[in-house]
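Everything below concerns the one structure shown next.
Readers should treat all values here as calculations from the given coordinates under stated rules, not as data from a laboratory. Note that this is a predicted model, so its numbers are computed, not measured. As a convention, Cβ positions derive from the backbone with ideal geometry for all residues, glycine included, and neighbour counts pool all protein chains shown.
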Amino acid sequence: MTMEAAKSDAARDWPTLLKDNARRGGQGQYPARSPEGAVWQFRTGSSVRSAPILDHGILYVTSVNGALHAIDGVTGSSKWKFQAAGQVHSTPSISEDRILFGCDDGKVYAVNRHSGAKLWEITTGAEVWASPVARNGLVFFGSADLRIYAAEAGSGRTRWTQELGGKIYSTIYAAERQLYVGCGDGKVYGLDASSGKVLWSTPTGNGIDSSPALAGDLALIGSEDFWFYAMNTSTGEVRWKYETGLGIASSPAVSGDMTVFGSKDGFLYALETQTGRLRWKTVVGEVVTAPPVIGDGVVCIQAGGTFALESATGKVVWRAGLGGTSQSVPVLSGDTIYLASLSGEVYALR
Amino acid sequence: MDRRNFVKASCIGSASLLMGLDPISRAEVVPREAPAIELQGIPNYKPSPLGMPGSFPGRVIEVREPNAIASNRVSQPIVRRMLEQAMKELTGETSSREAWGKFIDPKDMVGIKINPSGAPACCSSPEIVREIINSVQALGVPPRNIVVYDRYSYEIDIASYQTLLPPGVRILGIQEAFARGGGYEPSVYCDANFFGEWETRSYMASVVAHEVTKIINVPTMKDHSASGVTGCLKNLAYGTFNNVARSHRAPYSFTNPLIGLMCTVEPLRSKSVLHIMDGMRQVWHGGPLTQVQQFIDQPGILLMATDPVALDTIELEAIEKKRSERGAPSLWHHDPNSITGDSNAFYHDASKNLFFRQPGHIAEAAKLGLGVADVKQIDHRLLSV
């Protein structure tokens, strides 16, 4: 956990994709033991191209057919379902009692996490694939209408919007005073969190899908130009960059001085956060586009199947054929691992 | 031909399909000929003179620029020059705008049929698609009237087209879409029972049947384990109709004649006015899905035609030549010993294949009037920038 992340009110805030730099979705640092089998299986009825999140024993999963499912983590039974009007690719997030997610109908929805009732919605001009993030009572997200939105978490009332130079599919990292996000115009932006004013922008060589992580004064993000960047959070200056074999859509996970991300070249890379020096790289599939999740001594990634690698060496310690997608992230929760698949199944493995 | 066409197509090469196989088992599972294929287009659809084979039958423009791609990175400025040069050569116009204007009208709803199925190793390059969009927009077509589409949105996602293509342009995965333009038109179909499958119909995508008025086809340059190559014809046919994998059941394939027949169905035939093949990368074994770089060259080629048959014929020649240079068997080679059920073996050994390939689908499409397959009659013009 970085100093910046530590400042966040952990109970209230959800400042980045999957809540924290390690992409653990707010779960503790669990070891991800090799599972022996499935405890339950839930069918969403359509492809899942987002990551599930777990809170108070309930798993929240969005599926492409527009549904947000609340699933009992113990039994696998449905608690409720909310149906949106468009396809959903957005990974949900949590702000107090609200489940937040974006939709292809151009809206971001806030749904009561206990009942599934809609609390509010914000309308944008194009699809929202990014995950909304929450900090200090505000919700932030980008839309394919080129705009960043800031809204009040309680009411959904828009505080400000800021137009950038391209479509936004990257999820914002909301620090105490600044926001960081990648953009389809190939730039990484630093914005003032209170006004949306662009403080700096740094170009890369192609559009950006990846969502940034923050480590100290470094913003870490991949680009479709095949490079992974570490930029100064105050100025946007590139401190170091690392080249992979194809584009990088995967969002980095950071723990201690290790930054892990995947590339479309099929490798998972672990770099030293401060220097960009390669610690290890391991081929885990034909293509990696999802973010990894860092557990206790392991890094897990979905890339066609599900892989667990020793975080110190990159050695694959187990793999499972389930979770066949390159777009979701496993939830590591004590003795249970939750997975979603491209074909729409959600599994609890133990 | 009546709109409700019944086509009794004989399968070219059926004798070689059966070579060396147990006569009892083959009699049980392998029809000697393709079954009757019923085609149903949109009734009373008025064919367009721009439809396949289009304004320039038999003419293929090939632009080569090795610097257009380096270490898998495609140069958009070089692609722009290649595209402009090819358009002017194809049409005889002196300006790129005039050349594009021969195919696209500002009032058109333009579909760009990409091939993302080999992403990320080999798919329609976003740099080429961006330049096509720029050219179409320069004619006055607004971004909201441009739709980039293919069947599976998860393959489109892997290539990050959403992020990399200009704002306002719609990106559609037909198969999973339930919003505007998604899904299939139940009254337009190809019906055939190849292997005793339950669902014998393949339906045309609604976006093709009803929404777009012109289609720019952007296939990639790849071999294909079932059809021999996947080029203009296969990209259109198997990317427009659903339920198509049923036409091949290892090791047999009825991609010939199904691919060509599908391309004759209106309005697909009339709306497909231009074919721009992305040969930045050339997959000479393992297509259509391989990610194995060992079999993917990066020659930096762009091919253009209104005649999909002529262009696919040139593609087939190029991939045959490459396979010969690398010591791989011909795509026409039907040796039962080369067939494997192990996809891993297929992906890593160029002498193996999953099916008896059917590159004859291109010549068969020529017989249907879709273009010129005789190499001697093809006006193949080589350019460099």
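Key figures for this structure:
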read-out	value
Any hit, the stretch B:92-107, residues being crowded, with 20+ Cβ neighbours inside 10 Å, closer than 30 Å to residue A:265 by Cα and of a type outside the set (Asp, Glu)	no
Search result, residues across the stretch B:338-362 that are touching a residue at least 40 places away in the same chain (Cβ under 8 Å) and in contact with a Gly (Cβ under 9 Å, 6 or more places away or on another chain)	B:346, B:347, B:348, B:350, B:354, B:356, B:357, B:358, B:359, B:360, B:361, B:362
Residue list for the stretch A:111-136, restricted to those being under 20 Å from residue A:44 (Cα atoms) and either out of contact with any Ser or Thr (no Cβ under 6 Å at 6 or more places or on another chain) or surrounded by fewer than 24 Cβ atoms within 10 Å (Cβ to Cβ) (or both)	A:111, A:112, A:113, A:114, A:115, A:116, A:117, A:118
Residues (of a type in the set (A, V, I, L, M, F, W, C) and assigned to a loop (DSSP other than H, G, I, E, B)) located in the stretch A:280-311	A:284, A:287, A:288, A:290
Qualifying residue in the stretch B:144-163 (condition: touching a Phe, Trp or Tyr at 6+ places or on another chain (Cβ under 9 Å), among the hydroxyl-bearing types (Ser, Thr, Tyr) and either surrounded by fewer than 18 Cβ atoms within 10 Å (Cβ to Cβ) or under 24 Å from residue B:303 (Cβ atoms) (or both))	no
Pick from the stretch B:128-163, criterion touching a residue at least 60 places away in the same chain (Cβ under 8 Å) and among the charged types (D, E, K, R), ranking: farthest from the other protein chains (Cβ to nearest Cβ)	B:150
Residue within the stretch B:203-213 that is in a strand (DSSP E or B) and either in contact with a Cys (Cβ under 6 Å, 6 or more places away or on another chain) or free of Cβ contacts under 8 Å to residues at least 24 places away in the same chain (or both) present	no
Members of the stretch A:131-182 found to be within 14 Å of chain B (Cβ to nearest Cβ) and of a type in the set (D, E, K, R), listed by number	A:145, A:147, A:163, A:167
Unique match (being assigned to a loop (DSSP other than H, G, I, E, B), surrounded by 22 or more Cβ atoms within 10 Å (Cβ to Cβ) and among the aliphatic types (A, V, I, L, M)) among B:370, B:303, B:311	B:370
Single residue of B:176, B:197 found to be within 14 Å of another protein chain (Cβ to nearest Cβ), in a loop (DSSP other than H, G, I, E, B) and charged (D, E, K, R)	B:176
Per-region count, the stretch A:74-104, residues surrounded by 20 or more Cβ atoms within 10 Å (Cβ to Cβ) and either of a type in the set (Gly, Ala, Ser) or closer than 20 Å to residue B:157 by Cα (or both)	13
Condition broken by residue B:317, with the remaining ones in (1) buried (at least 24 other Cβ atoms within 10 Å of the Cβ); (2) within 16 Å of the chain's Cα centre (by Cα); (3) farther than 30 Å from residue B:206 by Cβ satisfied	(1)
Residue that is closer than 19 Å to residue A:333 by Cβ, out of contact with any helix residue (DSSP H, G or I) (no Cβ under 6 Å at 6 or more places or on another chain) and within 14 Å of chain B (Cβ to nearest Cβ), where the choices are A:48, A:64, A:39	A:48
Residue check, residue A:262 in contact with a strand residue (DSSP E or B) (Cβ under 7 Å, 6 or more places away or on another chain), within 14 Å of chain B (Cβ to nearest Cβ), at positive phi and crowded, with 20+ Cβ neighbours inside 10 Å	no
Single residue of the stretch B:88-123 satisfying the filter (under 14 Å from residue B:274 (Cβ atoms) and either within 14 Å of chain A (Cβ to nearest Cβ) or among the charged types (D, E, K, R) (or both)) that is farthest from the chain's Cα centre (by Cα)	B:93
All positions within the stretch A:214-248 that are in contact with a Pro (Cβ under 9 Å, 6 or more places away or on another chain), surrounded by 24 or more Cβ atoms within 10 Å (Cβ to Cβ) and not in a strand (DSSP E or B)	A:224, A:247
Residues of the stretch B:344-367 satisfying the condition of being exposed (fewer than 14 other Cβ atoms within 10 Å of the Cβ) and within 23 Å of residue B:288 (Cβ to Cβ)	B:344, B:345
Matching option when the condition is touching a Phe, Trp or Tyr at 6+ places or on another chain (Cβ under 6 Å) and under 28 Å from residue B:339 (Cα atoms), among B:314, B:259, B:319	B:319
Residue that is farthest from the other protein chains (Cβ to nearest Cβ) [pool: residues in the stretch A:193-213 that are in contact with a strand residue (DSSP E or B) (Cβ under 6 Å, 6 or more places away or on another chain) and crowded, with 24+ Cβ neighbours inside 10 Å]	A:213
Selection from the stretch B:262-290 of residues that are out of contact with any helix residue (DSSP H, G or I) (no Cβ under 8 Å at 6 or more places or on another chain) and either under 26 Å from residue B:48 (Cβ atoms) or among the charged types (D, E, K, R) (or both)	B:264, B:265, B:266, B:270, B:273, B:274, B:281
Failed condition for residue B:66, given (1) more than 14 Å from every other protein chain (Cβ to nearest Cβ); (2) free of Cβ contacts under 8 Å to residues at least 40 places away in the same chain; (3) surrounded by fewer than 18 Cβ atoms within 10 Å (Cβ to Cβ); (4) out of contact with any Leu (no Cβ under 8 Å at 6 or more places or on another chain)	(2)
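One line per residue, one yes/no per condition, for (1) away from chain B (no Cβ under 14 Å); (2) closer than 19 Å to residue A:29 by Cβ:
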residue: A:234; (1), (2): yes, no
residue: A:239; (1), (2): yes, no
residue: A:250; (1), (2): no, no
residue: A:266; (1), (2): no, no
residue: A:271; (1), (2): yes, no
residue: A:278; (1), (2): yes, no
residue: A:291; (1), (2): yes, yes
residue: A:304; (1), (2): no, no
residue: A:342; (1), (2): no, no
